[in-house]
Amino acid sequence: MHHPNFPRRQSGFTLIEIAIVLVIIGLLLGGILKGQELITQGRIRNVGNDFQSVTAAINLYQDRYRALPGDDAGAQGRWTTTAPGNGNGVFDGAYNAACDAASTVETCLFWHHLRLAGLIGGATTDRTQAVNATQGRTGVQNGGLGLVGPIVCSNNLPAKIAQAIDAQFDDGDANTGTVRGEIITTMTAALTTGAPGANYVDNGTNIYVVCKAP
């Protein structure tokens, strides 16, 4: 029973308690945002490393066998478990071709030849493209986005990552230089032949493919 000489204690939070809660919420949000930025930076590094590793593997394969991996007409004589390329000096097929264990498209054989040569990781029976840090595909083809000759491409990249990769290796502009990018709606979409025509737009939804001349 409440004694009439004692004031009733009011329920609710004090200003100090509310301030402490707001500080804690701020710290949690700051940690989440910082964590997201660290994840993004890690993905940028991984995708950048993919471009450098594939380019290095192409050069090492050419130095060793005097042919492009995938296009190598002598590959079947060297490794009986693979198929040969036609030896015309270019990658036939799309960078994101549907590859499986029986694929004979040169852009699929590219990965098989490199794995058989021990220049990249993976099972020596595997002819599929490498998976990048955003669960997209990394592949090669001949020309695209206004670039000529062999190019290395990586897709399913958010705009922030795509532009960072372009800036890391080139000028940060999707339309110019040796690194270019364009919006894609699916990971199986074909590259346009000419320059993309629009720069990177980071609106939270745009997804890109970025291609680089080795």
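Read-outs throughout are calculated quantities, based only on the coordinates presented, and are distinct from any laboratory measurement. Worth saying up front: this structure is predicted, and the values here are computed from it rather than measured. Here the Cβ is made from the backbone with ideal geometry for all residues, glycine too, and neighbour counts use every protein chain on show.
Worth a mention:
- Mean separation of Cα contacts under 8 Å, 6 or more apart, over the residue count of the stretch 157-199: relative contact order %: 31 percent
- Segment residue 20-residue 73, length gained on full extension (0.36 nm per residue, minus Cα span): 12.1 nm
- Cα gyration tensor shape for the stretch 130-214, rounded if a/c is under 1.5, else prolate or oblate: rounded
- When peptides 188-197, 94-103 are sorted by average Cβ neighbour count within 10 Å, with the highest value leading, the order is 94-103, 188-197.
- Other residues whose C-beta falls under 15 angstrom from the C-beta of residue 180 contribute a net charge of -4, scoring Lys and Arg +1 and Asp and Glu -1.
- Calculated P(r) of the stretch 45-212 - Cα pairs past 25 Å, %: 28 percent
- Here the extension length gained between residue 56 and residue 41 equals 3.1 nm, from 0.36 nm per residue of separation less the Cα-Cα distance.
- The chain: most fluctuating residue of 129, 163, 62 per GNM, C-alpha cutoff 10 Å: 62
- Residue-count net charge about residue 91 - beta-carbon cut-off 12 Å; Lys, Arg +1, Asp, Glu -1: -4
- Within-12-Å neighbourhood charge of residue 61 [Cβ basis; K, R +1; D, E -1]: +1
- Taking the Cα centre of the chain as origin and assigning +1 to Lys and Arg Cβ atoms and -1 to Asp and Glu Cβ atoms, the resulting dipole is close to 680 debye.
- Percent RCO, i.e. relative contact order, over the stretch 45-212, from Cα pairs under 8 Å lying at least 6 residues apart: 19 percent
- Length released on extending from residue 28 to residue 205, taking residue separation times 0.36 nm less the Cα-Cα span: 61.2 nm
- Förster-model FRET efficiency, 25 Å R0, residue 167 and residue 63, C-beta, rounded to 0.05: 0.25
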